[in-house]
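See below for the structure under consideration.
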Amino acid sequence: MENPQVAQIFEEVADLLEIQSENPFRIRAYRRAAQVVSDLGERVADIVHDPDRRLDDYPGIGKDLAGKIREIVDTGELSLRSELAAKVPPGLRALLSLPGLGPKRASTLYKNLGIASLDELRKAAESHRIKALKGFGEKTEQAIIKSLQQLKQTGKRILWSEAKVYAEALTNHLRGASGVGQLEVAGSYRRRKETVGDLDIVVACKSTSQVMDRLASFEEVAEVLAHGGTRMTVRLKTGLQVDLRVVPDVSFGAALQYFTGSKAHSIHIRRRAQDRGLKVNEYGVFRGSRRIAGKTEVEVYRAIGLPWIPPELREDRGEVELAEAPQLPDLVRPEDIKGDLHVHTTDTDGRASLEDMVLAAKRRGYSYVAITDHSRRVTMARGLDARLLRQQWKRIDRLAKRNPGITILKGVELDILEDGSLDLPDSVLQEADWVVASIHYGQNQSPERITRRLLNAIENPHVAAIGHPTGRLIGKRPGYQFDLQAVFTAAAETGCLMEINAQPVRLDLDEVAIAEAKKKGVQFVVSTDAHSVEELGFMEFGINQARRAGLEKLDIVNTRPLQAFRKLLRGARPAKRSGSMAKVTV
DNA sequence: GCCGTTTTCGGCCCGACTGTTTTCAGTCG
């Protein structure tokens, strides 16, 4: 039983309770518990089975929910869930996924028209049976038909890297409206989440109508969904939704804070304000009716006794407590990066030559770059065997003589094979400056086998880092399952690095796993895995990920000069001799 | 359902917009 499954059961319970108009605070407790479980960073099942640990030590988990988690882990099911599900037809929950349809209306539709699936909903809407219901009308019925048609395109989150394109275009466009002051894209985009559901733009502007008209004139806008006095919502042609909030200048910081979220962070902040006899809303921080802060975010946080918290940390995962301490991390910045340690060339599946990649790295101001083409197993990419690899390294030596401004590391992305062995012998690896070991094949193996493969690689002293450690592709493939704790423990003991892969569709490890690894003493490398000159620019996405995990400059080796991590070069770090795993193949 | 040196009971974040009403419920973020 993995954490996402536990979280999913609690989410379902919350939905079912909501449909049955249960106590909203009880519903919130289940949603909170789902969040807590998702954010754990280790298997909830492991905590359940550890006699020294208690689930109800976690905030939001009390005796009751701890018992329910135990039940799910032990039996794979939650009796409460099945009891609730028995009272609600199975398809009814799907109705909640439609924008504008919540639990109240869904249950009205069911009670009055017997609607219990999206298909039945569509038929009822098309035969105009919905508008006759009390509380529904012509417009609601049309809206349902429309959102059913759009269901496939909307609700889909896009990669942060894609959202950035629209965020920047919209920002530039809106600045063209007269009277626009401060302007910022808030929401999950500002928190730099892996994926973004919509864009929330906060603008300080004297003339609301001017900036709203300006948004409506953006050429990618397909439709205006809502248009009020301070708020406007549009849908772009791609399906991406954009919310615009216009606030007075004195409220900009409060609005930005509020619309940046996350929801859980905002709730925590407001509760804290309450404790101090204050009220926080998007217009400011108020004592009674008097505004005591709101113009800037710094002011807002200061008013409730906290330093400013970077948006990337605002998930209510302990950042408020760190701010209070005050022990907020000094997050790593893009400009801290001194080199890229995972780069491909046309020698395998890259799209730019060795020389072009090196020159591009030099232009970025890097002091080193590692060329890490695929090893022979990756036949699709014409992976290199020992002979071809040594040929490439000779060319690197010649190139290095012509480019004294940058150190070129002779590396390889070494495949961790299905049987747990490595794709090249130690005799070759020991000649390499830099080895990134990755899994590409046998991703469907059992967690036990994958774990052993990763441990084998980690225990080889020539392996400097594990590349894209989970193999996930966001929105496409979940990534292979393995024992994160065992792998992180071994990585910490041996000094083997965990890569944070900056490809926007990869971004593994995720921020929860990174934070967990850091706790265990693991060090990281942020690499682009670039297959072209342009992809060297992906570094930003990897840094986003590192920042959300709370990493500082010194947690990441490629913020340092090469000499600082020289023991990782040429496999000079000590091999782990203790375990029997090192010689075992799987 | 959780939580607590003001509380073991009685709180639990807060406002905007829409569509439907004729003063507000439902939904959303």
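We did not get these values from a lab; they are worked out from the coordinates using the rules stated. Quick caveat, the model's predicted, so the values are computed rather than measured. Note: ideal-geometry Cβ built from the backbone for every residue, glycine included; neighbour counts use all protein chains shown.
Ordering A:Val428, A:Val300 by the number of other Cβ atoms within 10 Å of each residue's own Cβ, fewest first, gives A:Val428, A:Val300. Ordering A:Ile201, A:Ser82, A:Val332 by Cα displacement along the dipole of chain A toward the positive end leaves A:Ile201 in first place; charges were set at the Cβ atoms of Lys, Arg (+1) and Asp, Glu (-1). Couplings 3J(HN,Hα) for segment A:129-142, derived from phi with the Karplus relation 6.51 cos²θ - 1.76 cosθ + 1.60 (θ = phi - 60°), are 8, 7, 5, 6, 6, 5, x, 10, x, 3, 5, 4, 4, 5 Hz, where x marks Gly and Pro.
Placing a pseudo-label 7 Å from each Cα along the Cα-to-Cβ vector at A:Arg271 and A:Val165 gives an inter-label distance of 4.0 nm.
Tell me, what is the Rg over Rh of chain A, with Rh the Kirkwood radius over Cα pairs? Working shown, then result.
Numbers: Rg = 26.5 Å, Rh = 26.6 Å.
Reported Rg/Rh, Kirkwood definition of Rh: 1.00.
The amide H of A:Glu552, built 1.01 Å from its N in the peptide plane, has A:Val332 as neighbours under 5 Å, considering only residues 5 or more places off or on other chains. Taking the longest Cα principal axis of chain A as reference, the axis of helix A:24-38 is set at about 10 degrees. Towards the positive end of the charge dipole of chain A, with charges on Cβ (+1 Lys, Arg; -1 Asp, Glu), say which of A:Met380, A:Ile9, A:Gly181 has the farthest Cα. Working it through, the farthest residue towards the positive pole turns out to be A:Gly181. Scanning residues 5 or more positions from A:Leu497 or on other chains, those with amide H under 5 Å from its amide H are A:Ala465, A:Ile466, with H placed 1.01 Å from N in the peptide plane.
Only helical DSSP H runs with n ≥ 4 go in: add -39500 (n - 2.57) per run for chain A, normalise by residue count and round the 222 nm mean residue ellipticity to 500 deg cm²/dmol. Calculated at 222 nm, the ellipticity per residue is -11500 deg cm²/dmol. Model label sites at A:Lys146 and A:Gln430, defined 7 Å from Cα along the beta-carbon direction, differ in position by 7.0 nm.
What's the exposure ranking of A:Asp119, A:Asp483, going from fewest to most Cβ atoms within 10 Å? Please report the intermediate quantities before stating the final value.
On the way: A:Asp119 12, A:Asp483 18.
The fewest-first ordering by Cβ neighbours comes to A:Asp119, A:Asp483.
If you split all Cα-Cα distances of segment A:425-528 into 5 Å bins from zero, what percentages do you get per bin, shortest first? Result, from short to long distances: 2, 13, 24, 26, 21, 10, 3, 0 percent. Sorted from greatest to least, the principal axis extents spanned by the alpha carbons of segment A:111-206 come out as 49, 33, 19 Å.
Under 5 Å between amide hydrogens, built in the peptide plane, is the criterion, and for A:Gly261 it picks out A:Gly187 among residues at least 5 positions away or on other chains. What does a probe at A:Val221 reach in segment A:176-212, counting residues whose amide N is under 18 Å from the point 7 Å along Cα→Cβ? In segment A:176-212, the label zone of A:Val221 (backbone N under 18 Å from the point 7 Å along Cα→Cβ) covers A:176-181, A:183-186, A:198-212.
For segment A:334-576, the percent of C-alpha pairs falling in each 5 Å distance bin, counted from 0 to the bin holding the largest distance, reads 1, 7, 15, 20, 22, 18, 11, 4, 1, 0.
Would you mind calculating the gained length between A:Ala132 and A:Asn23 on full extension (0.36 nm times residue separation, minus the Cα-Cα distance), in nm to one decimal?
Numbers: separation 109, 0.36 × 109 = 39.24 nm, distance 2.90 nm.
The A:Ala132-A:Asn23 span can extend by a further 36.3 nm.
Among the listed pairs A:Lys156/A:Lys553; A:Lys338/A:Lys410; A:Lys87/A:Lys134, those with a Cα-Cα distance over 26 Å are A:Lys156/A:Lys553. Contact order, relative form, for segment A:159-324: 19 percent (alpha carbon pairs under 8 Å, 6 or more residues apart, mean separation divided by residue count). Across segment A:297-306, rounded Karplus estimates of 3J(HN,Hα) from the backbone phi angles (6.51 cos²θ - 1.76 cosθ + 1.60, θ = phi - 60°) give 5, 4, 4, 4, 5, 4, 4, 9, x, 10 Hz, Gly and Pro being marked x.
In chain A, a dipole from Cβ-located charges (positive for Lys and Arg, negative for Asp and Glu) runs towards its positive end, and of A:Leu417, A:Leu569, A:Ala226 it is A:Ala226 whose Cα lies farthest in that direction.
Placing one equal scatterer on every Cα of segment A:3-154 and applying the Debye formula, the log10 ratio I(q)/I(0) at q = 0.09, 0.17 Å⁻¹ is -0.36, -0.93. For chain A, the share of DSSP beta bridges that are antiparallel, to the nearest 5, is 45%.
For segment A:424-436, putting each phi into the Karplus relation 6.51 cos²θ - 1.76 cosθ + 1.60 with θ = phi - 60° gives couplings of 9, x, 4, 4, 7, 4, 5, 8, 7, 7, 7, 10, 9 Hz, in residue order, rounded to whole numbers and with x for Gly and Pro. When +1 charges are put on Lys and Arg Cβ atoms and -1 charges on Asp and Glu Cβ atoms, the dipole computed for segment A:159-324 relative to its Cα centre reaches about 640 debye. Relative to the longest principal axis of the Cα atoms of chain A, helix A:484-494 runs at roughly 40 degrees.
This ranking places A:Trp308, A:Trp160, A:Trp434, A:Trp393 by how few other beta-carbon atoms lie within 10 Å of each, fewest first, which gives A:Trp308, A:Trp393, A:Trp160, A:Trp434.
Under the simplified labelling scheme, the A:Ser207-A:Ala400 pair shows an inter-label distance of 6.2 nm, with each label point 7 Å from Cα along Cα→Cβ. Summed over all non-identical Cα pairs, the Kirkwood treatment of segment A:159-324 gives a radius of 16.2 Å.
Once the Cα atoms are used to define both axes, helix A:354-363 deviates from the longest principal axis of chain A by about 60 degrees.
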